[in-house]
Amino acid sequence: MPWFEVPADTESPDLPWSHWSWAGPPRHHPSETKADGKRDLATAHYPLVGPYDSSDEALIRYHLATAKAAGIEVLIPIWYGPGSPTDANILPLLKEAERQGLKVALCYEEKINFPPYREPRSRDDIVATMRDDLNYILSTYGQHPAYLKKDGVPFVCQFNYWGTGALGPNYVMPVEWKTIQDQLEAPLVYARQNLDPAYHPAIQGAFHWWSSDPKQMKQFVERAQALKDKQQLDFYMTMAAPGFNDEGVQGWGHGTRFEDRKIGETWEKSLQAAASGSPDLIQIVTWNDFNEGTEIEPTVEHGFAHVDALEQWIGDLKGRPVNLADNRLPYQAYQEEASPRLQRLIPKSTLKEIPE
């Protein structure tokens with residue numbers, strides 16, 4: 001999630017802290033410090049490095065180096081369109097990924113084509129804005145050396161929208177997708193969330209998003225493999241998650257959703273389920289979505305436990321050498337390299353330490 005921001009004046013209650021604050025109820029604002037010395041974040045857990053700014057170069061190095069040390073190969077940032085705050089952080093992410101030998105692919109938010117993000121007047125407007133967005137990705141990022149490609153073709157996955165509006169479904173329909181595909185300026189490999197056969201094989205891939213029900217993963221794999229066997233699906237992506245807790249934002253105002261981490265048990269079971277079948281990719285849900293409490297990024301509460309467990313699992317799965325000590329080195333470097341305003345936000349209880 002490349003959308004976190006820290007203002008220049010960290011004590012002002014009037015300046016925004018994008019995705020660290022929540023208007024409520026209940027209200028959370030990081031300009032306030034709680035009795036335990038931590039900032040009042042709209043999160044279930046507290047980053048080991050404290051609240052941060054996604055545009056900070058040292059933060060990007062820390063994230064990518066820690067992910068790489070654990071065995072992660074690709075980062076998939078969420079993307080809200082040209083000129084958005086998420087868009088501003090993609091090129092720096094690609095630059096650092098190239099330096100570290102990692103890849104980046106974008107996750108496109110389908111909902112930006114609908115109110116309140118945009119105000120289409122017709123279904124043709126919806127088709128046009130999505131087409132333009134994907135062409136922007138292809139021309140701006142697709143040929144970067146660090147951008148993930150399949151057989152030389154850039155890859156994009158889509159986070160689906162849902163519901164119905166004044167113009168009909170709040171999502172691009174299969175026939176509309178084919179129109180978009182025909183108007184792209186270059187080839188694109190695409191994966192859509194969940195698995196609706198009506199979109200395939202025009203859309204080459206599918207992926208399963210977070211679920212606490214292991215039966216859903218099993219059903220997804222069975223359906224995806226069946227479509228793959230019929231050559232209606234080229235590839236699919238499973239997922240693994242450590243838990244879920246969006247109490248900091250009260251379920252985005254709709255009530256907290258919670259799936260207990262059970263001291264790492266949920267994470268371990270989810271990793272095992274993700275490897276079932278023959279997935280082409282396995283998505284970690286997520287690296288740093290602190291608002292929904294799915295992050296595996298090191299935290300004050302859990303230290304490096306989830307990162308270490310991931311590396312051990314990857315080692316067992318792929319025969320990759322396991323070295324847990326180097327998971328902690330980027331954290332040490334960040335303490336020295338972060339900008340002064342972010343250094344001041346690193347919890348003093350963890351400063352200079354190497355948590356287990």
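Before moving on, here are some points about what is shown:
- Per residue accessible area in Å² of the range 272-356, where ligands, DNA and RNA are left out and the probe is 1.4 Å: 45 Å²
- Amide H contacts of TYR147 (H built 1.01 Å from N, under 5 Å, at least 5 apart or other chain): VAL104
- Zone of SER339's modelled label, taken as backbone nitrogen in the range 15-44 under 15 Å from a point 7 Å along Cα→Cβ: 16-18
- 19 Å tail of the calculated P(r), the range 177-278, as % of Cα pairs: 54 percent
- Accessible area per residue (1.4 Å probe, heavy atoms of protein chains only) ranks LYS218, LYS228 as LYS218, LYS228, with the largest value leading.
- GluC sites (Glu not before Pro) within the range 23-108: DSSP coil, no more than 15 neighbouring Cβ in 10 Å: GLU32, GLU73
- Distance between the C-alpha centres of the range 75-119 and the range 220-297: 20 Å, rounded to the whole angstrom.
- Scattering from the range 236-355 was approximated by placing one identical point on each alpha carbon and applying the Debye formula without solvent; log10 I(q)/I(0) at 0.13, 0.14, 0.15 1/Å stands at -0.62, -0.71, -0.80.
- The chymotrypsin sites (Phe, Trp or Tyr not before Pro) of the range 126-232 that DSSP puts in a loop, and whose beta carbon has at most 15 other beta carbons within 10 Å, are TRP162, TRP209.
- Net dipole in debye of the chain [+1 Lys, Arg Cβ; -1 Asp, Glu Cβ; about Cα centre; nearest 20]: 560 debye
- Where the range 63-128 is the region considered: accessible area per residue in Å², 1.4 Å probe: 41 Å²
- C-alpha center-to-center spacing [the range 302-336, the range 174-207] in angstrom: 35 Å
- Highest to lowest packing among 281-294, 333-346, scored as the average C-beta count within 10 Å: 281-294, 333-346
- Taking only the Cα atoms of the range 61-102, the radius of gyration and Dmax are 10.9, 32 Å.
- The range 199-240, dipole about Cα centre (Lys/Arg Cβ +1, Asp/Glu Cβ -1), debye to the nearest 20: 80 debye
- Projected area, mean over directions - the chain, Cα convex hull, nm²: 17.8 nm²
- Hits among aspartates and glutamates - C-alpha to C-alpha of LYS149 under 17 Å, sequence gap 8 or more where chains match: GLU73, GLU98, GLU185, ASP234, ASP280
- Of all accessible heavy-atom area on the chain, the percent that carbon and sulfur account for (1.4 Å): 52 percent
- For the range 32-126, the Cβ-based charge dipole about the Cα centre amounts to some 180 debye (Lys, Arg positive; Asp, Glu negative; other atoms uncharged).
- Legend: residues MET130, MET173, sorted from most to least accessible area (1.4 Å probe; ligands, DNA and RNA excluded), read MET173, MET130.
- Per-residue SASA entry for CYS107, accessible area with 1.4 Å probe, Å² rounded to 10: 10 Å²
- Low-density loop positions, trypsin sites (Lys or Arg not before Pro), the range 1-109 - DSSP coil, at most 10 other Cβ in 10 Å: LYS34
- Beyond 29 Å in Cα-Cα separation lie the following of the pairs LYS34/LYS262; LYS103/LYS262; LYS111/LYS318; LYS150/LYS218: LYS103/LYS262; LYS111/LYS318.
The values are calculated or read from the model by the stated rules, or taken from the named source; none is laboratory data. Note that the structure is predicted; figures quoted are calculated from it, not measured. Please note: Cβ atoms are built from the backbone with ideal geometry, for glycine as well, and neighbour counts cover all protein chains shown. Quick note on the areas: whole protein, heavy atoms, side chains included, nothing else; ligands and nucleic acids left out. Shrake-Rupley method; radii C 1.70, N 1.55, O 1.52, S 1.80 Å.
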